[in-house]
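A short write-up of the structure that comes next.
What follows is calculated from the coordinates using simple rules that are stated; it is not laboratory data. Because the structure is predicted, anything quoted here is derived from the model rather than measured. Here the Cβ positions follow ideal geometry from the backbone for every residue, glycine too, while neighbour counts run over all protein chains shown.
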């Protein structure tokens, strides 16, 4: 299986909905019900995320190892805005008490510090 085949929109369409897309960005709405775990998927593009609702989650890698468990951090509060430079294959479980809803703006042509500007 090609890693592109693990795109969240392709393998978890019940959790990932494309709200807008053009040559520069793709805007996704990710929704995960309380107690639900998404199928294994990826997010390769750098993404700015805005959290609509949600409180706690558990992220696991493709082997099932826990990478992040927000309940393990006393007093954890999910930030309203997050940035990710991309995520390898993972699942996400909503371990909170409310629906997890995140709007993500994937930057298709983002460059990293030190990269030449895009013409």
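Numbers below:
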item	result
Range of Cα positions in region 3-107 per principal axis (Å), largest first	41, 29, 23
Label-zone membership for region 62-96, site residue 33, 7 angstrom Cα→C-beta point, backbone N under 20 Å	91-96
Peptides ranked, highest mean first, by Cβ atoms within 10 Å: ranges 40-48, 70-78	40-48, 70-78
Bridge type composition, region 3-107 - antiparallel percent by DSSP, nearest 5	95
Mean Cβ count within 10 Å, highest first, over the residues of peptides 28-36, 83-91	28-36, 83-91
Dmax and Rg, reported as Rg then Dmax, of region 10-69 (C-alpha, Å)	12.6, 35
Over the chain: helical MRE at 222 nm, DSSP H runs n ≥ 4 each giving -39500 (n - 2.57), nearest 500	-500 deg cm²/dmol
Selected from 19, 100, 92 as most flexible by GNM, with the chain as the system and alpha-carbon contacts under 10 Å	19
